[in-house]
Amino acid sequence: MDVMVPCGGLRHNRTVTTHADVLTDQFGRFHDYLRVSITDRCNFRCVYCMPEEGMVWQPREEILNFEEIERLARFFVERGVRKIRLTGGEPTLRKGYLNLVEVLARIPGLNQLALTTNGTRLAQDAITLRMVGLASVNVSLDTLRQDRFLEITRRNELPGVLQGIESAQAAGLETKINVVVLPGVNEDEIIHFGEFACKHSLTVRFIEFMPFLDNGWNAERVVSSAEIRSRLCDQFELRPLASGASDVAREYAINGSEGRVAFVSSVTDSFCSGCNRLRLTADGQIKSCLFLPPSVSLRDLIREGASDEELGIAVQKCLDGKWSAHPPMRNWAQRDNLTMVQIGG
Ligand code: SF4
């Protein structure tokens, strides 16, 4: 069945013949990885993500309910999505999220269900998460120092997060650590994180600081992946590991250990040519790129009774507005994007 889709940026119509076409953009990139934010709320106040006070959360009725998340997950998996990552805010704060994980993990055709969390609930939930089908977890942890943890997150939860990481590994969840490196804040811990990776036989992913609405980003506040890697190479012998065309992180084994380090260089060495990611915000808006504003509300369409075909048209239109790559760093003003906590990274 052919569906003619008015293409926003391209000014010509495009024929959508198969389900898979729905997830293919004008540059031929197939989007088989969906990041779903299940809440805009968080129990941390990380300095590069949100203000200490005055956060206004979205009313519950504006947030996708579990049935809507499940419907959209099935819709996307039927069209080729093979990996779903649950994000937030802090996804583990969403009441009943373990049930949602169980329902999503059972969707036929979904190969991998993952979670990004600040780790505060992992110690108590890790075993259940593994049992209900979660495969992997990325824990956001920007420092190994108690005093600095308080400084960055404005919360005193480091011991609980470290316990959560151990519990996740013990439960058999593939566990990685996400570290946003900030000059003058935690860049002096790069080697310590390398040692942490070796000691705990896990992957530490160093992420370049990225611009989002109201996070005080500027180019001088970016420590490049090249700089981070060079510092690590002063201390460790790194062996590059093969990575897929869509992988955002370039991964390295630390010789002589089971530890790994990885680099997410969105700012200085982007990987847009192989981009396979779509994002769904907690209130059901679809984003074709981390740095493009949301284009359409799938929540509203669902609540207006839209069919899957109509959802497909909306997703296609969103993808037709996707650029081949984000613009160069310096002229990258984030006036019309969302805050990090609204996007879910
Ligand atoms: S910047 Fe946008 S297009 Fe580039 S890799 Fe990230 S999400 Fe994809």
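Could you tell me what percent of the DSSP beta bridges with both partners in the stretch 2-343 are antiparallel, to the nearest 5?
Working: 17 of 50 bridges.
Around 35 percent antiparallel, to the nearest 5.
Quick one: if you stick a label point 7 Å off each Cα along the C-beta vector at Arg71 and Met131, how many nm between them?
Distance between the two pseudo-spin positions: 3.1 nm.
Starting from the 7 Å offset along Cα-to-Cβ, what nm value, one decimal, do you get for the label separation of Asn156 and Cys233?
So the two model labels end up 4.2 nm from each other.
Once the other residues with Cβ under 11 Å from the Cβ of Arg154 are scored (Lys, Arg +1; Asp, Glu -1), what is the net sum? Working shown, then result.
On the way: positive: Arg45, Arg155; negative: Glu52, Glu53, Glu151, Glu157.
Counting the neighbours of Arg154, the net charge comes to -2.
Can you give the calculated 222 nm mean residue ellipticity of the chain, where each DSSP H run of n ≥ 4 adds -39,500 (n - 2.57) and the sum is split over every residue, rounded to the nearest 500 deg cm²/dmol? Don't skip to the answer; put the middle values down first.
Numbers: 10 runs with 96 residues, N = 345.
Helix-only estimate at 222 nm: -8000 deg cm²/dmol.
Name the residue, out of Gly259, Gly284, Gly88, whose mean-square fluctuation peaks in a Gaussian network model built on the chain with Cα pairs under 10 Å.
Sorting by GNM fluctuation, first place goes to Gly259.
Simple spin-label model, 7 Å along Cα-to-Cβ: Glu62 to Asn111 in nm?
Inter-label distance under the simple model: 3.7 nm.
Please list, or write none, the aspartates and glutamates whose alpha carbon is within less than 16 Å of the alpha carbon of Lys287, excluding same-chain residues fewer than 8 places away.
Asp25, Asp32, Asp40, Asp300, Asp320, Asp336
Return the loop-located chymotrypsin sites (Phe, Trp or Tyr not before Pro) in the stretch 27-127 (DSSP other than H, G, I, E, B) with at most 16 other Cβ atoms within 10 Å of their own Cβ; answer none if there are none. Could you put the intermediate results ahead of the total?
Values: sites: Phe27, Phe30, Tyr33, Phe44, Tyr48, Trp57, Phe66, Phe75, Phe76, Tyr97; in loops: Phe27, Phe44, Tyr48, Trp57.
Those that pass, being in a loop and sparsely packed, are Phe27, Trp57.
Test of understanding: given the chain, find the longest segment containing no trypsin sites (Lys or Arg not before Pro) that are in a DSSP loop and have at most 11 other Cβ atoms within 10 Å. Write down the numbers at each step before the final one.
Numbers: sites that count: Arg11, Lys95, Arg335.
So the longest stretch without any such site is 96-334.
May I ask for the distance between the Cα centers of the stretch 284-311 and the stretch 121-199, given as a whole number of Å?
First find each Cα centre; the distance between them is then 32 Å.
Between the DSSP loop rule and a limit of at most 15 other Cβ atoms within 10 Å, which GluC sites (Glu not before Pro) in the stretch 13-80 are left? Could the numbers behind the result be given before it?
Details: sites: Glu52, Glu53, Glu61, Glu62, Glu67, Glu68, Glu70, Glu78; in loops: Glu52, Glu53.
Answer in residue order: Glu52, Glu53.
Would you mind calculating the gained length between Asp300 and Glu52 on full extension (0.36 nm times residue separation, minus the Cα-Cα distance), in nm to one decimal? List each step's numbers first, then the result.
Details: separation 248, 0.36 × 248 = 89.28 nm, distance 3.11 nm.
That works out to 86.2 nm of additional length.
Within 11 Å, Cβ to Cβ, of Lys95, how many net charges do the neighbouring residues add up to if Lys/Arg are +1 and Asp/Glu are -1?
On the way: positive: Arg41, Arg60, Arg94; negative: none.
Combined, the nearby Lys, Arg, Asp and Glu give +3.
Using only the alpha-carbon atoms, how far is helix 190-200 inclined from the longest principal axis of the chain? Give it as 0 to 90 degrees, nearest 10.
The angle comes out near 90 degrees.
Provide the FRET efficiency to the nearest 0.05 for the Ala20-Glu174 pair, computing r from the beta carbons and using R0 = 41 Å. Could the numbers behind the result be given before it?
Details: r = 27 Å, r/R0 = 0.66.
That pair, Ala20 with Glu174, gives E of 0.90.
Since every read-out is calculated from the coordinates, none of them should be taken as a lab result. All values reported here derive from a predicted model rather than from experimental measurement. FYI the Cβ positions are ideal-geometry reconstructions off the backbone, even for glycines, and counts take in every protein chain you see.
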